[in-house]
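For reference, the structure discussed in these notes is given below.
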Amino acid sequence: MQAFLGEFGGGRGDAGGNFGNSKDYYFGLSWRIGPGGLFDFSRINASKARLNTAELNAEKIMDEVKRQVVESIPA
């Protein structure tokens with residue numbers, strides 16, 4: 001987002017009067033479509049696979065901790 005403020009002035013001949021305020025506003029939005037942007041399904045699927053791998057590793061660690069706790073309890 002950008003804003004530009006200033007004054008423009010002018011007059012007949014060499015006169016430099018008649019100044020008035022000027023304001024310009026700009027708001028831009030952009031995105032990419034395709035590789036590296038929207039609808040890049042290979043990137044989306046790779047991210048989902050990494051997430052699933054991390055979740056499985058966390059579950060594996062939780063199972064290992066549970067096993068160690070159960071084994072440490074005297075029978």
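The values are calculated or read from the model by the stated rules, or taken from the named source; none is laboratory data. As the structure is a prediction and not an experimental result, all values here were calculated from the model. Accessible surface areas use protein heavy atoms only, side chains included; no ligands, DNA or RNA. Shrake-Rupley method; radii C 1.70, N 1.55, O 1.52, S 1.80 Å.
Using amide H atoms built 1.01 Å from N in the peptide plane, name the residues 5+ places from residue 40, or on other chains, whose amide H lies under 5 Å from its own.
Amide H neighbours of residue 40: 34.
For residue 52 and residue 27 in the same chain, what is the full-extension length gain: residue separation times 0.36 nm, less their Cα-Cα distance, in nm?
Gain on extension, residue 52 to residue 27, equals 5.2 nm.
Compute the accessible area per residue over segment 25-75, keeping the other protein chains in place, probe 1.4 Å, unit Å².
It amounts to 96 Å² per residue over segment 25-75.
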